[in-house]
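The values are calculated or read from the model by the stated rules, or taken from the named source; none is laboratory data. In this text, all values refer to a predicted model and were calculated from it rather than measured experimentally. In this analysis, Cβ positions are derived from the backbone assuming ideal geometry, glycine residues included, and neighbour counts consider all displayed protein chains. Calculation scope for accessible area: heavy atoms of the full protein, side chains included, ligands and nucleic acids excluded. Shrake-Rupley method; radii C 1.70, N 1.55, O 1.52, S 1.80 Å.
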Amino acid sequence: MTRNLIKAAAAAVLALSCAACTENKGTGIELLPEEAFAKTVDGKNVAIYTLTNSTTGMTAQLTNYGARLVQLWVPSTDGFKDVVWGYDSIDAYLNAGDKYSGPVVGRYGNRIKDGKFTLDGKEYQLTVNENGNQLHGGAGGFSTKVWDAEQFTDADGNPAVKMTLVSEDGEEGYPGKLTISVTYTLKPANELVIDYTATTDAPTVLNPTSHVYYNLHGTSSKSTDSHLMTIYADSFTLTDSELIPTGEIAPVEGTPMDFRTATAIGARIDTPDYEPLAIGKGYDHNWVLNKHFLVQSKQNDALKDGAYMAAQVYEPSTGIVMTVYTDQPGLQFYAGQGMDGKEIGKRGEIHNVRSGIALEAQNFPDAPNHENFPSSVLRPGETYTQHTIYTFAVK
Ligand code: GAL
């Protein structure tokens with residue numbers, strides 16, 4: 001299908017889905033065609049799912065390969081923009097150098113030192129995939145799996161897709177057969193809601209997170225250094241030279257890590273002689289969230305089921321404001337410094353250095369090895385839940 005046909009099809013879908021659309025509803029939205037994702041991977045069918053909300057036409061496309069967000073079209077001051085990185089086919093995702101464009105990562109998001117932890121007196125050795133440590137659940141983690149998917153309309157009439165994965169006992173070294181579901185829902189107030197539930201048949205550790213690279217310019221080619229960032233956190237976790245937390249929680253006060261008032265990402269990212277930024281080659285750290293409730297704000301409507309405001313990002317040139325709410329204790333902010341401009345994404349756009357930011361709501365990295373960090377242990381009979389919301393507005 002040509003791009004124009006896809007555009008026309010998208011416009012038709014949007015026109016059908018809401019008779020009382022605002023005039024610019026659907027403007028510029030380009031959907032990826034189903035055939036670009038129709039493939040059997042590891043004996044399971046991959047597909048793409050399209051969700052459009054009932055009010056503005058905000059549209060998400062997701063694939064069950066890695067329970068992954070592929071596109072997210074949100075309103076800006078100039079039509080709709082796709083604010084997430086990704087590729088335009090399943091083949092491109094399978095061949096991508098960076099495996100973490102848009103998926104749910106796990107079992108354990110971020111790093112576990114030496115891929116080891118002790119639970120109930122028993123030491124477990126996980127697979128290792130970075131400097132002898134485990135990153136994002138290992139080379140065969142959640143992001144590489146084909147999940148079962150079910151698209152549905154929730155009780156409030158919102159479009160949703162539920163992805164489910166069974167992770168076998170011993171997978172990537174983790175104990176327990178784990179069943180995890182992730183539900184993506186688009187709500188009327190331009191909210192992308194991500195809900196997780198998981199159970200296990202033996203004690204294990206778990207820390208799944210959504211690893212999406214956002215760019216509020218609407219293209220992966222433009223630097224995100226101009227984004228104004230607020231993170232509601234008084235402290236962050238210090239790391240060693242391999243980005244593994246030392247266990248020390250440090251105040252942000254007086255450092256380039258202080259985003260308690262909106263500051264351009266690029267303003268201090270290259271601060272010389274500041275060790276945490278030298279180690280991360282930029283921002284690649286876990287902020288300890290304050291559990292900040294903005295009671296005076298209308299956004300407070302989104303504070304459901306214990307999620308609190310974690311961060312806000314604003315790009316002046318498009319007017320897009322993204323606010324992150326979560327019930328998780330930490331937020332990993334990674335500024336995309338590992339990209340080299342060699343990967344070509346959707347619409348032929350280059351994945352440039354520092355042009356996609358990950359804001360990963362999660363437990364702290366390496367928590368299984370630090371008693372002063374929140375517990376990541378999940379036991380039989382318990383249900384893990386996570387509730388994270390990315391909302392979009394135009395300023
Ligand atoms: C982030 C991590 C970065 C990098 C990235 C994936 O969560 O903090 O160091 O590994 O994922 O490329």
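Table for the structure above
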{"read-out": "Inter-label distance, nm, simple model (7 Å from Cα along the C-beta direction), ASP42/ARG268", "value": "4.1"}
{"read-out": "Other-chain or far-sequence residues with amide H under 5 Å of ALA311's (modelled H)", "value": "TYR232, VAL324"}
{"read-out": "Counted charge near ALA202, where neighbours are those whose Cβ lies closer than 14 Å (Asp, Glu -1; Lys, Arg +1)", "value": "-2"}
{"read-out": "Label-point separation in nm, SER226 to VAL377, each point 7 Å along Cα→Cβ", "value": "5.0"}
{"read-out": "Neighbourhood charge, 13 Å Cβ-Cβ cut-off, centred on ALA160 and excluding it, Lys, Arg +1 and Asp, Glu -1", "value": "-3"}
{"read-out": "Cross-link partners of LYS116 among aspartates and glutamates (Cα-Cα below 18 Å; sequence separation of 8 or more within a chain)", "value": "GLU130, ASP169, GLU171, GLU172, ASP240, GLU242, ASP366, GLU371"}
{"read-out": "Binned Cα-Cα distance frequencies in region 92-190 - 10 Å width, integer %", "value": "14, 38, 29, 15, 4"}
{"read-out": "Karplus (6.51, -1.76, 1.60) ³J(HN,Hα), θ = phi - 60°, over region 60-70, in Hz, Gly and Pro reported as x", "value": "10, 10, 10, 10, 7, 6, x, 6, 10, 7, 9"}
{"read-out": "Probe 1.4 Å - accessible area at VAL193, Å² to nearest ten", "value": "0"}
{"read-out": "Net dipole in debye of the chain [+1 Lys, Arg Cβ; -1 Asp, Glu Cβ; about Cα centre; nearest 20]", "value": "880"}
{"read-out": "Dipole axis of the chain (+1 Lys, Arg; -1 Asp, Glu on Cβ), positive-most option in HIS370, THR56, LEU119", "value": "THR56"}
{"read-out": "Per residue, in Å², the accessible surface of region 352-395 once ligands and nucleic acids are set aside, probe 1.4 Å", "value": "37"}
{"read-out": "Per-residue ³J(HN,Hα) for region 226-238, Karplus 6.51 cos²θ - 1.76 cosθ + 1.60, θ = phi - 60°, Hz, x for Gly and Pro", "value": "7, 5, 8, 10, 10, 10, 7, 8, 8, 8, 9, 8, 6"}
{"read-out": "Accessible area per residue, Å², region 128-271 with all protein chains present, probe 1.4 Å", "value": "34"}
{"read-out": "Full-extension gain in nm, ASP169 to ASP98, via 0.36 nm per residue minus C-alpha separation", "value": "22.9 nm"}
{"read-out": "Debye, to nearest 20: dipole size of region 51-110, +1 on Lys, Arg Cβ, -1 on Asp, Glu Cβ", "value": "260"}
{"read-out": "3J(HN,Hα) from dihedral phi, region 212-224, Karplus parametrisation 6.51/-1.76/1.60, rounded to Hz, x for glycine, proline", "value": "9, 8, 9, 9, 7, 6, x, 8, 6, 7, 9, 5, 8"}
{"read-out": "Alpha carbon Rg of region 256-395, scaled by the compact-globule rule 2.2 N^0.38 Å", "value": "1.17"}
{"read-out": "Normalised convex hull volume, the chain, alpha-carbon set, Å³ per residue", "value": "133"}
{"read-out": "Within-11-Å neighbourhood charge of ILE357 [Cβ basis; K, R +1; D, E -1]", "value": "-3"}
{"read-out": "Estimated inter-spin distance, GLU248 and GLN151, nm [label 7 Å along Cα→Cβ]", "value": "5.1"}
{"read-out": "Cα centroid of region 41-105 to Cα centroid of region 184-242, whole Å", "value": "15"}
{"read-out": "Pairs beyond 25 Å (Cα-Cα), from LYS113/LYS222; LYS39/LYS81; LYS162/LYS187; LYS162/LYS281; LYS39/LYS187", "value": "LYS113/LYS222; LYS39/LYS81; LYS162/LYS281; LYS39/LYS187"}
{"read-out": "Placed amide H near VAL84: partners under 5 Å, 5+ positions off or other chain", "value": "LEU72, ASN215"}
{"read-out": "Theoretical ellipticity at 222 nm over the chain - DSSP helices of four or more residues, -39500 (n - 2.57) apiece, nearest 500", "value": "-2000 deg cm²/dmol"}
